[in-house]
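Worksheet for the structure shown next.
Since every read-out is calculated from the coordinates, none of them should be taken as a lab result. As the structure is a computational prediction, the values presented were derived from the model and not from experiment. Positions of Cβ are backbone-derived with ideal geometry, glycine not excepted, and every protein chain shown enters the neighbour counts.
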Amino acid sequence: MRKQFLIGLAVAAIAAYSCTDGFGVVRIIALSYAAEAGYAPQASNEREIKVTATLQNIPNEAEIWDFQVIMETHTKALNDDLTKSLVLIADGKQYLPVGWEGAPPGGHHRKGLLRFKAIAPQPRSMELQIRLTDDASPRSFKWLLK
């Protein structure tokens, strides 16, 4: 019994360590909460650039919707202007971002919030498309809202 407990504890510790990026266990809890809310992080790892997008909580009364975007690479600088490289698609219409709050262009790691004006009425689903330099086609991230 004690051996099983210790093995379980070791597995949990390894899982927590593998998910650390300065936030540790808090990140695991946040990912779990996001998955329960239906807004799980989505990742695309293509052309030596990993992009992770997460739809943040969007209450009905919100005026602005936020998407957390994280980009990581070890081969080239991330110089894209994200307000021009991304589009939100909902109910067949395209929406451009109203701003980016995060790391400026350059470097190998960028993280921030991409902001869009809230869409009313709230769509059933939405798609965030990201087309970075050298991308032949956009990366697509989709969420069901209702």
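Quick notes on this structure:
- From least to most packed, judged by other beta carbons within 10 angstrom and beginning with the fewest, E46, E61 follow the order E61, E46.
- Computed from backbone phi, the HN-Hα couplings of the stretch 80-85 come to 5, 7, 5, 6, 10, 9 Hz, rounded to whole numbers (Karplus: 6.51 cos²θ - 1.76 cosθ + 1.60, θ = phi - 60°; Gly and Pro given as x).
- Placed amide H near D80: partners under 5 Å, 5+ positions off or other chain: G106
- Restricting the stretch 36-104 to trypsin sites (Lys or Arg not before Pro) in coil, as DSSP defines it, with at most 12 other Cβ within 10 Å: K76
- This ranking places W143, W65 by how few other beta-carbon atoms lie within 10 Å of each, fewest first, which gives W143, W65.
- Cα gyration tensor shape of the stretch 64-108, rounded if a/c is under 1.5, else prolate or oblate by comparing a/b with b/c: prolate
- Least to most buried among R124, R115 (fewest other Cβ within 10 Å first): R124, R115
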